[in-house]
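The values are calculated or read from the model by the stated rules, or taken from the named source; none is laboratory data. Keep in mind it's a predicted model, so treat the numbers as computed, not measured. With ideal geometry, Cβ positions are generated from the backbone for all residues, glycine too; neighbour counts draw on all protein chains shown.
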Amino acid sequence: MSTATLSLILLSVMLLIIMVATIIIIAVLISKNKSTSVPPSATVPQMLHCTSCGEMIPAGTQYCPKCGALNENASRYANVQQDSPSAGFAVLSFFFPLIGLILYLVFKDQTPLKAKSCGMGALTGFITSVIFTILFVIIYVVFIFGMLSMYA
Ligand SMILES: [Zn+2]
């Protein structure tokens, strides 16, 4: 066996190891996101004081039923309630980093946790594709050199 063939086998093994490692890292990141997320009921109160008159009003109600003032706390919690890390969006962003980036920009104000999932997915996907591209170029170059040395 020539040195080029050996190098090619070695690089293929390296590629396989990196691929498996990346999948493990993504799995860990997704499971970590899930475990650290708290259920909405634990952080979001059911009733809130009106910021204007102090009356107890249900969370998610934008306007106080007593004085009609806009309740900033309630509307803020209404947004928080819908926000949670999304494994589905993370996976989608991993395979399509550009879509992930767009989703991140769309979600970052209203649902920061969902945006973070997209951002992490997109970043991991981007880094992985860069690593894979570099490795494929190396393998290709080694392969070409191997061919050249065979026929030289
Ligand atoms: Zn009020």
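Can you find a residue that is touching a His at 6+ places or on another chain (Cβ under 8 Å) and either modelled with pLDDT under 70 or over 28 Å from residue 122 (Cβ atoms) (or both) anywhere in the stretch 39-55?
We begin by selecting, within the stretch 39-55, every residue touching a His at 6+ places or on another chain (Cβ under 8 Å); these are 55.
Within this subset, residues satisfying the condition of being either modelled with pLDDT under 70 or over 28 Å from residue 122 (Cβ atoms) (or both) are 55.
Yes, the conditions are met somewhere in the stretch 39-55.
Being surrounded by fewer than 13 Cβ atoms within 10 Å (Cβ to Cβ), farther than 24 Å from residue 17 by Cα and out of contact with any strand residue (DSSP E or B) (no Cβ under 6 Å at 6 or more places or on another chain) holds for only one residue in 113, 98, and it is 98.
Restricting the stretch 56-84 to residues that are part of a loop (DSSP other than H, G, I, E, B) and at pLDDT below 85, which is farthest from the ligand (Cβ to nearest atom)?
84
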